[in-house]
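Reading through the structure tokens given below for one structure.
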Amino acid sequence: MEKKFKRTLVTTALPYANGPVHIGHLAGVYVPADIYTRYLRLRGEDVVMIGGSDEHGVPITLRARKEGITPQQVVDRYHAIIRDSLKELGVSFDVYSRTTSKLHSQTASEFFRRLYDKEEFIVQTSLQPYDSKAGEFLADRYVVGTCPKCGADNAYGDQCEKCGSSLNATDLINPRSALTGEPVEMKETTHWFLPLDKWEPALKEWILDGHKEWKTNVYGQCKSWLDGGLQPRAVSRDLSWGVPVPVEGAEGKVLYVWFDAPIGYISNTKELLPDTWETYWKDPETRIINFIGKDNIVFHCIVFPAMLMAYGDGFQLPDNVPANEFLNLEGDKISTSRNWAVWLHEYLADFPGKQDVLRYVLTANAPETRDNDFTWADFQTRNNSELVAILGNFVNRALVLTHKYCNGTVPAAGELTDIEQQLGADLQAAVAALTEALDTFHFREALKQAMEIARIGNRYLQETEPWKVAKTDMQRAATILNVALQLCANIAIAFEPFTPFSASRLAEMLKLKDLNWGMLGRLDIITAGTTLCEPQLLFEKIEDDAIQAQVQRLLDIKKANELSAWRPEPQAEDVDFDTFCRSDLRVGTILECEKVPKADKLLRFLIDDGLTKRTIVSGIAKYYPDPAALVGKQICFIANLPPRKLKGIVSEGMILSAVNSDGSLVLIEPSAPVAPGAKIG
């Protein structure tokens with residue numbers, strides 16, 4: 001029998017405050033967490049949702065160095081952007097705090113000190129990457145080099161962003177410091193480690209035996225880690241930015257971010273509930289749910305629970321850790337460093353008032369069991385074909401018809417026919433499936449069942465045709481409209497977790513107050529005689545030009561990334577000076593230029609070389625769609641190459657050109673007019 005809890009604590013992964021949040025963060029963590037929390041609130045349950053910014057990660061210090069500002073300035077800026085944009089999206093945190101708060105520093109320090117005093121740590125000395133020029137030990141993200149898996153340059157010491165492989169700094173080929181570019185050295189340093197192997201039996205019993213109901217991606221990853229055997233994990237780092245390690249002899253060391261950050265859930269709860277926070281962490285009748293992305297599974301299911309076990313004092317472990325997979329963007333992995341993302345604060349500026357559209361699309365396409373792809377075409381289609389054409393269409397028809405035939409007053413229902421009886425059964429089935437899906441964290445399926453209520457309404461209006469019935473039987477038409485409005489009331493409740501802004505507007509139009517989940521499935525929510533507000537469209541079509549602007553922005557980003565990633569080809573083998581001197585490089589003037597018939601790549605040039613006229617055939621036609629425009633230009637060419645035939649034309653030399661970083665071709669021209677035939681040397 002499933003255990004009943006008195007209250008629920010919902011936590012969300014803490015985003016790094018080194019940049020804004022993007023749609024990957026939203027789809028993976030914040031939208032599903034908010035859906036679940038809103039659902040529990042509608043049920044009248046005691047639930048709090050805890051969030052905050054992770055402000056001590058290495059990415060923050062990298063951003064600060066790049067911009068020439070302090071880490072505190074970085075986190076102050078992005079904490080505000082993240083907090084405000086999530087609030088505008090309707091993510092309803094009870095508290096959204098930060099790990100640079102004094103309260104957090106005290107909480108994290110006390111947590112470490114208790115484990116230290118209980119002798120739960122082991123001390124190990126190991127070789128770590130070191131930059132002798134900067135005089136600093138290097139965290140994984142400060143080490144860059146060539147990925148041993150895919151050969152990509154500029155892979156980080158913890159991960160290659162191109163192929164996604166997890167790495168160690170020592171795995172990289174030709175590792176170098178991200179600070180100075182110098183090759184890294186390996187130098188001894190001492191750190192505190194949490195012996196995860198000590199807690200392995202308890203973790204196996206808790207997860208493998210006790211939580212087989214977890215999502216398969218979470219359970220499977222945990223099982224893989226546990227089956228492979230756990231190893232001690234460092235809880236300190238040689239850094240200047242972070243919570244200082246609170247023991248003697250730890251100068252220049254801070255708490256490792258993955259020890260520090262999850263304690264933020266505790267400190268943020270303390271901030272919200274200073275007198276009763278322990279009830280939400282230590283009472284066995286509290287259910288703790290951690291919403292995270294799949295890259296955080298090991299920390300929330302292995303490391304943090306081991307920390308809580310080591311601490312003791314009644315700390316409860318999470319009852320569920322519903323982690324989603326990754327969301328890609330237009331077929332490519334979302335990447336902060338490459339700016340390949342849809343940033344929430346930019347979306348809110350570009351699509352004002354359309355928070356619910358983004359929430360809907362990210363839920364309908366949620367990466368619950370596998371990585372999914374966000375495309376702007378799908379975003380537009382789901383808005384226009386589902387939110388507008390199905391949900392918005394039904395609600396608008398029901399309200400407009402009520403205003404037309406009943407002066408905007410909810411009519412009383414008469415006798416219900418077999419059609420209404422079947423509608424009631426279909427509604428009950430949809431509500432039951434919706435509730436089951438929400439209870440088991442299947443939010444994509446839950447949204448589908450919520451939308452089924454609107455589909456039921458559209459089918460009902462098409463079958464009953466109240467606009468025709470009103471001509472001969474107004475009492476029957478009134479019953480149809482009453483039922484349609486009751487369905488609208490069900491929609492206002494069912495969609496509140498998913499699209500809270502439009503659900504609130506619909507409730508206002510229907511004059512509904514104090515809605516709760518227990519009302520769902522009923523056909524008597526709205527009282528007859530209620531005067532409705534004027535109908536307003538819940539959703540509007542999104543036009544092609546708005547979508548094309550977003551697609552073009554991504555194309556511009558992709559081009560900029562290609563330019564920044566461009567590197568010159570390696571230098572060719574050395575040639576001796578005498579060989580080079582035998583090359584006769586000269587300047588000529590183009591007299592004629594035309595495409596070679598039946599040869600898409602070739603142009604025929606007639607060159608004035610100062611001595612005579614010569615023909616040169618060059619394979620650069622795709623770069624010059626109007627060859628005649630080149631006539632009169634001066635170019636550089638190699639004059640003493642042996643003649644060769646190309647498509648029956650004798651070519652007497654080679655024109656010099658360069659392929660630019662963007663793939664365009666540039667003819668090498670003198671910077672000032674030169675007499676044809678002048679030698680280059």
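Figures for the structure shown
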item	result
Residue that is within 23 Å of SER502 (Cβ to Cβ), in a helix (DSSP H, G or I) and open to solvent by less than 40 Å² (accessible area, probe 1.4 Å), where the choices are ALA389, ALA433	ALA433
Residues that are of a type outside the set (Lys, Arg) and over 20 Å from ALA306 (Cβ atoms), drawn from the stretch 100-117	THR100, SER101, LEU103, HIS104, SER105, GLN106
Exclusive hit being over 27 Å from LEU563 (Cα atoms), open to solvent by 70 Å² or more (accessible area, probe 1.4 Å), in contact (Cβ under 8 Å) with a residue 24 or more places away in the chain and basic (Lys, Arg), set LYS633, LYS645	LYS633
Matching option when the condition is touching a Ser or Thr at 6+ places or on another chain (Cβ under 8 Å) and acidic (Asp, Glu), among GLU161, GLU120	GLU161
Only one of LEU665, LEU630 that is among the aliphatic types (A, V, I, L, M), touching a Phe, Trp or Tyr at 6+ places or on another chain (Cβ under 8 Å) and under 30 Å from ASN154 (Cβ atoms)	LEU665
Residue check, LYS66 basic (Lys, Arg) and modelled with pLDDT of 95 or more	no
Of all residues making up the stretch 648-678, the number that are in contact (Cβ under 8 Å) with a residue 24 or more places away in the chain and loosely packed, with under 11 Cβ neighbours inside 10 Å	4
Residues that are among the aliphatic types (A, V, I, L, M), closer than 30 Å to ALA432 by Cβ and open to solvent by 90 Å² or more (accessible area, probe 1.4 Å), drawn from the stretch 522-567	none
Near pairs, Cβ below 6 angstrom, 6+ apart or cross-chain, from the stretch 522-548 (assigned to a helix (DSSP H, G or I)) to any residue that is of a type in the set (Phe, Trp, Tyr)	ILE547/TRP376
Qualifying positions in the stretch 260-283 - surrounded by fewer than 17 Cβ atoms within 10 Å (Cβ to Cβ) and within 17 Å of PRO318 (Cβ to Cβ)	GLU278, THR279, LYS282, ASP283
Members of the stretch 496-521 found to be assigned to a loop (DSSP other than H, G, I, E, B), of a type in the set (A, V, I, L, M, F, W, C) and either modelled with pLDDT under 95 or more than 15 Å from ALA398 (Cβ to Cβ) (or both), listed by number	PHE498, LEU515, LEU520
Residue selected from the stretch 132-148 under the condition farther than 25 Å from PRO246 by Cβ and open to solvent by 50 Å² or more (accessible area, probe 1.4 Å), by the criterion nearest to the chain's Cα centre (by Cα)	PRO148
Selection count where residues are within 23 Å of the chain's Cα centre (by Cα) and part of a helix (DSSP H, G or I), scope the stretch 3-44	16
Checklist (1) within 26 Å of TRP566 (Cβ to Cβ); (2) of a type in the set (D, E, K, R); (3) crowded, with 17+ Cβ neighbours inside 10 Å applied to ARG614, failing item	(1)
Residue satisfying condition, being more than 21 Å from ARG113 (Cα to Cα) and hydroxyl-bearing (Ser, Thr, Tyr), within set TYR256, TYR219	TYR219
Single match in THR440, THR402, THR409 (criterion: within 24 Å of ARG522 (Cβ to Cβ), modelled with pLDDT of 95 or more, buried (at least 17 other Cβ atoms within 10 Å of the Cβ) and among the β-branched types (Val, Ile, Thr))	THR402
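Here is a yes/no grid of residues against (1) without any contact (Cβ under 8 Å) to a residue 24 or more places away in the chain; (2) more than 30 Å from ALA310 (Cα to Cα); (3) surrounded by 15 or more Cβ atoms within 10 Å (Cβ to Cβ); (4) of a type outside the set (Lys, Arg):
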{"position": "GLU119", "(1), (2), (3), (4)": "yes, no, no, yes"}
{"position": "TYR130", "(1), (2), (3), (4)": "no, yes, yes, yes"}
{"position": "CYS150", "(1), (2), (3), (4)": "yes, yes, no, yes"}
{"position": "GLN159", "(1), (2), (3), (4)": "yes, no, yes, yes"}
{"position": "SER166", "(1), (2), (3), (4)": "yes, no, no, yes"}
{"position": "GLU188", "(1), (2), (3), (4)": "no, no, no, yes"}
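The values are calculated or read from the model by the stated rules, or taken from the named source; none is laboratory data. None of the values given here were measured: they were computed from a predicted structure. Virtual Cβ from ideal backbone geometry, glycine too; neighbours counted across all protein chains shown. Heads up: the accessible areas ignore ligands, DNA and RNA and are worked out on the full protein's heavy atoms, side chains in. Shrake-Rupley method; radii C 1.70, N 1.55, O 1.52, S 1.80 Å.
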